[in-house]
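The values are calculated or read from the model by the stated rules, or taken from the named source; none is laboratory data. Keep in mind that this is a model prediction, so the values were computed, not measured. Every residue, glycine as well, gets a Cβ built from its backbone with ideal geometry; the counts of neighbours run over all protein chains shown.
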């Protein structure tokens with residue numbers, strides 16, 4: 001994703017500076033926030049997405065000025081590599097000229113409001129951010145439905161899901177009618193709707209982050225009772241799927257012999273000894289489109305929204321139900 005944004009904003013001579021979307025400027029915030037990016041003075045760039053969370057490298061403290069910054073990213077805590085910015089900063093106070101909101105943030109509305117107050121041009125990657133903000137969207141519902149249909153074709157009837165965060169507080173817990181009704185995370189909600197297009201009664205666990213650790217916790221909960229154990233789990237990210245697989249292995253369950261696991265994203269997860277069945281999204285193309293929108297907005301244009309499609313990759317983590 002970040003490599004694509006760097007390509008898209010190349011005409012500006014800007015690089016990427018990652019900042020957390022946590023609602024405050026305190027250090028120590030973790031995981032999936034929308035972040036800011038880009039010092040044009042030094043031409044810094046961001047080095048891409050990793051399986052354990054997106055990170056950035058290349059920002060230097062060589063007297064870069066605050067002028068000419070663009071914004072982008074999806075990360076945990078990051079410190080600005082700009083002279084004079086020694087503490088962690090956020091979208092509320094970062095010295096940027098434009099922002100790309102990335103990730104599955106349930107705080108999208110709060111972030112958009114903060115940027116609107118500052119008059120910062122904004123592009124949203126997934127999530128309807130409101131009028132005047134171009135969206136780089138993905139077929140989250142349709143893609144998940146195709147993945148769920150794959151599981152149904154394999155004969156799976158007892159299927160559960162592990163979702164991305166549903167609310168701004170990133171509350172961990174069961175999927176209930178109340179949590180779904182109150183959900184502010186567009187991506188999580190759309191992917192759940194896609195699963196329910198095939199399995200209307202599907203339940204599961206809400207993760208507090210898109211991480212292997214959260215997948216393990218959710219997997220342990222879903223697989224603890226042999227009498228209620230699902231034969232397949234739809235995870236809303238590849239990191240969550242990897243954690244579910246690890247939880248299954250802890251319990252002595254074979255994947256896919258006793259449990260099929262479906263992910264979403266199409267990333268490489270370090271340490272995962274499986275070819276994950278997943279919905280592969282065009283991350284670089286999405287980032288490039290977002291970067292190109294930024295260039296056009298800063299040039300006084302009003303770019304249109306762009307929609308991308310995911311592809312089902314069938315690996316070795318799904319098999320016929322027993």
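Things to note:
- Selection of first residues in the range 170-196 that are on the phi < 0 side of the Ramachandran plot and of second residues that are in a helix (DSSP H, G or I) and at pLDDT below 95, restricted to Cβ pairs under 6 Å at least 6 apart or on distinct chains, gives the following pairs, ordered by first then second residue: 183/189.
- Residues satisfying the stated conditions in the range 152-169, i.e. touching a helix residue (DSSP H, G or I) at 6+ places or on another chain (Cβ under 8 Å) and either more than 21 Å from residue 245 (Cβ to Cβ) or crowded, with 23+ Cβ neighbours inside 10 Å (or both): 159, 160, 161, 162, 163, 164, 165, 166, 167, 168
- Residues of the range 121-150 that are surrounded by fewer than 17 Cβ atoms within 10 Å (Cβ to Cβ) and either assigned to a loop (DSSP other than H, G, I, E, B) or free of Cβ contacts under 8 Å to residues at least 12 places away in the same chain (or both): 128, 130, 131, 132.
- Only a single item in (1) under 19 Å from residue 263 (Cβ atoms); (2) out of contact with any strand residue (DSSP E or B) (no Cβ under 9 Å at 6 or more places or on another chain); (3) in contact (Cβ under 8 Å) with a residue 24 or more places away in the chain is not met by residue 153, and it is number (3).
- Checked across the range 200-216, the condition of being crowded, with 24+ Cβ neighbours inside 10 Å, in contact with a helix residue (DSSP H, G or I) (Cβ under 8 Å, 6 or more places away or on another chain) and under 19 Å from residue 110 (Cα atoms) holds for no residue.
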